[in-house]
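Following: one structure in structure tokens, then a few remarks.
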Amino acid sequence: MALSVNESEKFVPFQQWRVSYNKINEKPKKGEKPLDYVFRVALEKNKAVKKNSSEIVLSADTIVAVGRRILLKPNNIEEASSFLGLLSGRRHRVHTSICIFYNDKYYQKNITTILKMKRLSEEEKKSYLKSQEWRGKAGGYSIQGAASYFFPFISGSYSNVVGLPLTETIGLLNGLGFKSPSFLHRLNNWVLKL
């Protein structure tokens, strides 16, 4: 998914942003490292958006990584259960790459958050899987929901784990000349639309 807006309308209400869903191959390449993967996919999502040079396009991709193993969104409850089993009692990383197309150039930033999931009991795992919160979530969990107490340790950006890493995204936009006060008051609506 990518968001875009015409450059002459940098500070338009977020309701006027265009959301694009483009099919790209999100399958990790053989031997591809987690950070290389998110960087590539965020850039490919951005490049897949039909745009002209006056548009600004924001794309991102997020994964969970255990060592070099990349955990995408689970396809079914069995895969979600496998992910939770792998993460239970271990540290892992959430990697996001944000990519902005602006003035005919691509600007990109990678963000990493380190977390430790507590050791889950079988009952906790079954209960969480039953909640269906794992659907559509990289690594098979949603930190802001029923799994919020699963994490005794987090180092880095919390919003990176929830979704779009806000501090880093706003920092990248500021660096490109966008002024924070112009869009911060509408940020909650924007995040909900992602």
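Largest first, what is the accessible-area ranking of Glu26, Glu168 with a 1.4 Å probe? Write down the numbers at each step before the final one.
Details: Glu26 75, Glu168 40 Å².
Ranked from most to least accessible, the order is Glu26, Glu168.
For the set Val19, Val38, the ranking by accessible area, highest first and with no ligand, DNA or RNA atoms included, is Val19, Val38 under a 1.4 Å probe. Measuring between their Cα centroids, region 96-155 and region 32-85 lie 12 Å from each other. To make sure I understand the rule: partners must be lysines, Cα under 27 Å from the Cα of Lys105, and not fewer than 8 residues away in the same chain. Which ones qualify? Result set, ordered by chain and number: Lys10, Lys23, Lys27, Lys29, Lys33, Lys45, Lys47, Lys50, Lys51, Lys179, Lys193. By a 1.4 Å probe calculation restricted to protein chains, Leu173 has an accessible surface near 20 Å², given to the nearest 10. Distant-in-sequence amide contacts of Arg90, defined by a placed amide H-H separation under 5 Å and a gap of 5 or more residues or a different chain, comprise Met117.
Within the assembled protein chains, the solvent-accessible surface assigned to Glu123 is about 130 Å², based on a 1.4 Å probe. At the residue level, Lys73 shows approximately 130 square angstrom of accessible surface with a 1.4 angstrom probe and all protein chains present.
Roughly speaking, to the nearest percent, how much of region 55-146's 1.4 Å accessible area is carbon and sulfur? In region 55-146, the share of accessible area belonging to carbon and sulfur is 44 percent.
What is region 89-130 by shape, rounded, prolate or oblate, if you read a ≥ b ≥ c off the alpha carbon gyration tensor as root eigenvalues and call it rounded for a/c under 1.5, prolate for a/b larger than b/c, and oblate otherwise? Each step should come with its number before you reach the end.
Working: a/c = 9.61, a/b = 2.89, b/c = 3.33.
Verdict is oblate for region 89-130.
The values are calculated or read from the model by the stated rules, or taken from the named source; none is laboratory data. What you see is a predicted model, and the numbers here were worked out from it, not measured in a lab. For the accessible areas, the whole protein counts, side chains as well, though only heavy atoms, and no ligand, DNA or RNA atoms are used. Shrake-Rupley method; radii C 1.70, N 1.55, O 1.52, S 1.80 Å.
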